[in-house]
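Report on the following structure.
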Amino acid sequence: MSVLVIADHDAGALSPATARVVQGASELGPIDLLVIGENTENIAAEAAALAGVTKVLTCQGAVLADGLATLLSTLAVRYHYVVASAGSVGKDVIPRLAAKLDLMPVTDIVKILGPTRFERPIYAGNAVQTVSDNQPRHVLTLRASAFRPAASSGTAAPIQVLDSPVDSAVKLLADHRTQSDTPDLATAQIVIGGGIALGSAENFALIENLAKKLGAAVGATRAAVDAGYAPNDWQIGQTGKIIAPDLYIAIGISGALQHLAGIQGAKKILAINTDAEAPLVKLADVALVGDLFEIIPQLIAELDRLGVKR
Ligand SMILES: Cc1cc2nc3c(=O)[nH]c(=O)nc-3n(C[C@H](O)[C@H](O)[C@H](O)COP(=O)(O)OP(=O)(O)OC[C@H]3O[C@@H](n4cnc5c(N)ncnc54)[C@H](O)[C@@H]3O)c2cc1C
């Protein structure tokens, strides 16, 4: 079964999500990985080294959904599966492609049970649906955090340059980026989340400080984002980002269902909360019951004393 995976990349580097989608999609068959963009030579070389990738296809153009869906609809006839990460590009382009091909997309897959059977969360992660997709061709998005990253194969797959550039009616005029020296929330190994209890944007510096010591990404609840304490792109949960770190440190967060929907993939949870009855305290592997404004400075001082710096 042939598989075409759309690579996610940003700022000249392959996104960590791509290696995870490649690992997941390799259960379906050998993979051709499509890299679209300008000056993508280094990205294509990185992509060619991933285990499971048999060929890298590169194409000039901006990754804008209308042009990408048109290109994919012509490429799709050669493949049984077209797969993207369930990130912003995948969420935009896969439904358009499915409409062009008159297929039903299967989105947000967290487990591949067989060539035509997939698991995906529904009801904000409170139930798991098994989908049987008996269409002649499959158009899928995979939740990257649900899969391990593909290793490097040690060899380089061939790179083929497609001579049909992506043509889009939409033009990208500018790219406004949030500057951050912390890891990407969606793929970070340690995430520290802050809740409304932080009380102000200035106080969020406390957990940013802790995050720097641990090499962690920083996230927030919707209540904290709505209060203006944290930027929108830090929001974790049903209407925010889905995370799957090895360790999630939840600080001053009650554990509302909509927040829990975003952290189900976390392997261990440490909760810091004054309320021993808070749902997240009960769910956590380890809980520190107490005032975050006392506990966090103590934690930072102890990490300093031990010389911990990642
Ligand atoms: C349609 C919809 C979608 C939503 N999507 C999301 C989403 O994607 N993500 C999300 O997070 N929420 C989402 N929400 C909001 C969600 O329901 C909760 O309101 C929100 O998660 C609560 O945030 P919180 O834990 O910061 O605040 P609270 O629920 O108010 O909890 C604050 C916690 O801090 C503790 N605390 C207080 N002071 C201290 C202190 N000094 N030290 C330690 N602990 C302290 C309290 O005991 C409490 O447990 C959504 C809601 C709706 C209706």
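The values are calculated or read from the model by the stated rules, or taken from the named source; none is laboratory data. What you are looking at is a predicted structure, and each value in this text was computed from that prediction instead of being measured. Note that each Cβ is placed from the backbone with ideal geometry, even for glycine, and that neighbours are counted across all protein chains shown. Side chains included, ligands, DNA and RNA excluded: accessible areas come from the protein's heavy atoms. Shrake-Rupley method; radii C 1.70, N 1.55, O 1.52, S 1.80 Å.
In the full protein assembly as shown, how much of GLU38 is accessible to a 1.4 Å probe, in Å² to the nearest 10?
In the full protein context, GLU38 sits at about 110 Å².
Decide, for the range 43-183, between rounded, prolate and oblate: order the square roots of the alpha carbon gyration tensor eigenvalues as a ≥ b ≥ c, take rounded if a/c falls under 1.5, and otherwise choose prolate if a/b is larger than b/c, else oblate. Can you show the working numbers first?
Working: a/c = 1.27, a/b = 1.22, b/c = 1.04.
The shape class here is rounded.
Contour minus end-to-end for LYS267 and LYS91, with contour as 0.36 nm per residue of separation and end-to-end as the Cα-Cα distance?
Difference between extended and current length: 60.8 nm.
Estimate the FRET efficiency between ASP167 and VAL286 by the formula 1/(1 + (r/R0)^6), using the beta-carbon distance for r and 51 Å for R0, to the nearest 0.05. Before the final figure, lay out the partial values.
Details: r = 54 Å, r/R0 = 1.05.
Computed FRET efficiency for ASP167 and VAL286 comes out at 0.45.
First check a/c for the range 243-310, with a ≥ b ≥ c the square roots of the eigenvalues of its C-alpha gyration tensor; if it is under 1.5, answer rounded, and if not, answer prolate when a/b is larger than b/c or oblate otherwise. Spell out each step's value before the answer.
Working: a/c = 2.66, a/b = 1.40, b/c = 1.90.
Since a/c reaches 1.5 but b/c is at least a/b, the shape of the range 243-310 is classed as oblate.
How much of the accessible area of the chain, in percent, comes from carbon and sulfur atoms when a 1.4 Å probe is used?
Numbers: 7860 of 14950 Å².
Carbon and sulfur: 53 percent of the exposed surface of the chain.
Roughly what % antiparallel, to the nearest 5, for the DSSP beta bridges in the chain? Intermediate values should be presented prior to the final figure.
On the way: 12 of 55 bridges.
The antiparallel proportion sits near 20 percent.
Can you give me the angle between helix 16-25 and the longest principal axis of the chain, using Cα atoms only, in degrees from 0 to 90, rounded to the nearest 10?
With rounding to tens, the tilt is 60 degrees.
At HIS176 and ASN209, where each label point lies 7 Å from the Cα along Cα→Cβ, what is the point-to-point distance in nanometres?
Going by the 7 Å Cα→Cβ label model, 3.0 nm.
Quick check for me: using +1 on Lys/Arg Cβ and -1 on Asp/Glu Cβ, what's the dipole size of the chain about its Cα centre, in debye to the nearest 20?
About 680 debye.
For the pair ALA62/ALA124, report the inter-label distance in nm, with labels modelled 7 Å from Cα in the Cβ direction.
Placing both labels 7 Å beyond Cα along the Cβ direction yields 3.6 nm.
Given R₀ = 25 Å, what would the calculated FRET efficiency be for ALA301 paired with GLN189, taking r from the Cβ atoms and rounding to 0.05? Walk me through the numbers on the way to the answer.
Values: r = 23 Å, r/R0 = 0.93.
Computed FRET efficiency for ALA301 and GLN189: 0.60.
Per-residue ellipticity at 222 nm for the chain, helices alone: DSSP H runs ≥ 4 residues times -39500 (n - 2.57), over residue total, nearest 500 deg cm²/dmol?
-7500 deg cm²/dmol
For the chain, what is the accessible area per residue in Å², given a 1.4 Å probe and the full set of protein chains?
Values: 14950 Å² over 310 residues.
Per-residue value: 48 Å².
Sorted by accessible area with a 1.4 angstrom probe, largest first, how do MET104, MET1 fall?
Values: MET104 95, MET1 120 Å².
Sorted descending by solvent-accessible area, the residues read MET1, MET104.
Pull out a ≥ b ≥ c, the square roots of the eigenvalues of the alpha-carbon gyration tensor of the range 97-139, then state rounded if a/c is under 1.5, prolate if not and a/b is larger than b/c, and oblate in the remaining case. The partial results should precede the final answer.
Details: a/c = 2.89, a/b = 1.57, b/c = 1.84.
It comes out oblate by the Cα gyration axes.
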